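To keep things clear, I will list the structure first and then write my remarks on it.
The values are calculated or read from the model by the stated rules, or taken from the named source; none is laboratory data. The structure displayed is predicted, hence computed values, not measured ones. So basically every Cβ, Gly included, is an ideal-geometry build from the backbone, and we count neighbours across all protein chains shown. To get the accessible areas, we keep the full protein, side chains included, count just its heavy atoms, and leave off ligands, DNA and RNA. Shrake-Rupley method; radii C 1.70, N 1.55, O 1.52, S 1.80 Å.
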Amino acid sequence: MAGPQGDYFDALTWRRFLGSSFVVSSSRDRMAQMLDGPAIAACRGHDIVSDGTTLGSIQVPSSGRLIVLMAERQTTGGYPKIATVASVDVPRLAQTPSGLAIRFRLISQAAAEALLVAERQALQDVIVSLSEKTTPMSVAQEVAL
């Protein structure tokens, strides 16, 4: 999804962001993951008044190297955020091994929410199927069959 400062990036930069692969760097921890790839430049500058961050925010500092904020991120940040990783995809990103390439696709908030609801429903279905227990037959019932 486009980030809160998505308008800080021109059309050429958005094409580069969406059309390029980024490699998950070994510079990562529970706070953030660095991504290696083409430099992303904010046409309106890289310094903003600090504002709130969310899980999956993609910050763009002046180096142009993307920073994806993770579970133990800071609560505010002063770099523009080009996009936010959909909540459904954050665990996948967190588990992506360093050195593997990823790509971004722009989706709407409604689509991101629908994907998360569908994933949670699928997980709930698995949990229900695992918790359903059949009553074991007694030896007498087995013999009668």
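Here are the numbers:
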| read-out | value |
| --- | --- |
| Val23-Asp51 pseudo-label distance in nm [points 7 Å out on the Cα-to-Cβ vector] | 3.3 |
| Surface per residue (accessible, 1.4 Å probe) for region 33-107, Å² | 48 |
| Exposed GluC sites (Glu not before Pro) absent: longest stretch of the chain, with sites in DSSP loops and at most 11 other Cβ within 10 Å deemed exposed | 1-71 |
| Protection proxy ranking, peptides 13-24, 73-84, average beta carbon neighbours within 10 Å, highest first | 73-84, 13-24 |
| Those trypsin sites (Lys or Arg not before Pro) in region 30-70 that DSSP places in a loop and that have at most 16 other beta carbons within 10 Å | Arg30, Arg44 |
| Proximal charge balance of Gln74 [Cβ under 13 Å; K/R count +1, D/E count -1] | 0 |
| Percent carbon-and-sulfur accessible area, the chain, ignoring ligands, DNA and RNA, probe 1.4 Å | 57 |
| FRET efficiency, 1/(1 + (r/R0)^6) with R0 41 Å, evaluated for Ser87 and Glu132 via beta carbons | 0.90 |
| Cα extents of region 56-111 along the three principal axes, largest first (Å) | 31, 26, 21 |
| Structure-derived P(r) over Cα pairs in 10 Å bins from 0, in percent - corresponding label in [x] 11, 37, 30, 17, 4, 0; [y] 11, 35, 28, 9, 6, 5, 4, 2; [z] 12, 42, 32, 8, 4, 2, 0, 0 | [y] |
| Nearest-10 value in Å² for the accessible area of Leu69, using the 1.4 Å probe | 0 |
| Sites Gln74 and Ala122 - FRET efficiency at Förster radius 41 Å, r taken between beta-carbons, to 0.05 | 0.80 |
